[in-house]
Every structure is written in C-alpha cells, then in structure tokens.
Amino acid sequence: MRIFIGAVLACLAFGAWAEPADPAKLKTQLQDYYFDAARRGDLDMLNTFIDSGYSLNTQDDKGYTALILAAYHGQGPFVERLLNAGADACVQDKRGNTALMGAIFKGELKIAQRLLATDCNPDQRNGAGQTAAMYAGLFKRVELLDELKAKGADLNAEDPIGNSASRLASGEIRTPTPR
C-alpha cells in the first residue's frame, strides 16, 4: 500500500512541474485522430468522439470533414454512423466538393446512394460549377444519374464550360478553349 501511495504522490509531484498542454496542439492532435479514424473506418474511435460531443462537421485545412473522408475512402458503416449522429452531408470542402461528389468520383455507389437520401440540394455546385450529376455522367455512374434525376437534379444544367450531366454521360466532354 505504501508503494502505491508513494507512486501516486510521485506522479502528482512530477505533474506539477510538467509543462501545461498547448491548446492548439491538443486541438490539432484531436483532429488528426478524428480524420484518421474516418479514413480507416474506426467506429470505436468515432463513437468516442460522438460520446464526448466532438463537432462532427470539423474541417481540416482543405475543408474536408470526416464524412467527406469516409465517403471518399469507402467507409460505409462510418458514413452511416456519422449521418445518424447528425453530421451534415451538405458541407463543402474548400473546392466546393461534397461527400456525395467524393463517393461518386471513387465509385462508392452504396455510399453515394446513402448520401442521396439526405436533404442536400441535388444541384449543389462545387467551385468549378459542377454538380454531383455531372460527376455521375463523367464517370459513367448511370444508376446514380437516374437516382439524382428522381431527386430533382437538373441533368441539363451546365458548368461554365458548357458541360452537362447528360452530355457527359453520352461521352461529350467540353474543355476550356485556349486563350
């Protein structure tokens, strides 16, 4: 018993001399753990963050949220848990891309279908003026085009270059004209 009490007192004494934790470093470390859990699909870690009240829509320096990263990396159960816990599927990264756009780009069809069930605008545009339907057309995700259309997506909406989801799906790709 004396050894245990001595060990506790020693820890307390050494703890008093320890440097106080830098809040900015702690915040960065927490974000790193959170985003790494999203990439790997670590549900136990995610549940710890959810239980502690961590902001699920936290963004990294590129604007990525855990939902965007999990969708991009094919972590379906992680995506589902985030959505059920209240993560916002409509959040855009710094380029304006959403989790849905990332899932379509990577060919994660089940995740994309789950994200389509959220309340996001189906014609939400990224910084280049592209929509999720344009991604689906470009990458030949025909089944998603049908679902996007059923949700109200305008398959004839054009980006600034003149590409539309329907044109892209048929193989017609417009590129910027050289200056």
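The values are calculated or read from the model by the stated rules, or taken from the named source; none is laboratory data. The structure presented is a predicted model; accordingly, all values stated were derived computationally and were not measured. In this analysis, Cβ positions are derived from the backbone assuming ideal geometry, glycine residues included, and neighbour counts consider all displayed protein chains.
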Residues in segment 46-81 that are surrounded by fewer than 16 Cβ atoms within 10 Å (Cβ to Cβ) and without any contact (Cβ under 8 Å) to a residue 24 or more places away in the chain: how many? 6
Tell me, yes or no, whether segment 121-140 has at least one residue that is within 27 Å of G76 (Cα to Cα), at pLDDT 95 or above, surrounded by 11 or more Cβ atoms within 10 Å (Cβ to Cβ) and hydroxyl-bearing (S, T, Y). yes
In a loop (DSSP other than H, G, I, E, B) and assigned by TED's automatic domain parsing to the domain that holds R179, is that true of A133? no
For segment 141-175, what are the residues that are assigned to a loop (DSSP other than H, G, I, E, B), aliphatic (A, V, I, L, M) and surrounded by 13 or more Cβ atoms within 10 Å (Cβ to Cβ)? A153, L155, A157, I161
For a quick check of your reading of the model, give me the residue pairs whose first member lies in segment 145-166 and is assigned by TED's automatic domain parsing to the domain that holds G127, whose second is assigned to a loop (DSSP other than H, G, I, E, B) and at pLDDT below 95, with beta-carbon atoms closer than 7 Å and at least 6 apart or on different chains. I161/R174; I161/T175; I161/P176; G162/R174; N163/I173; N163/R174
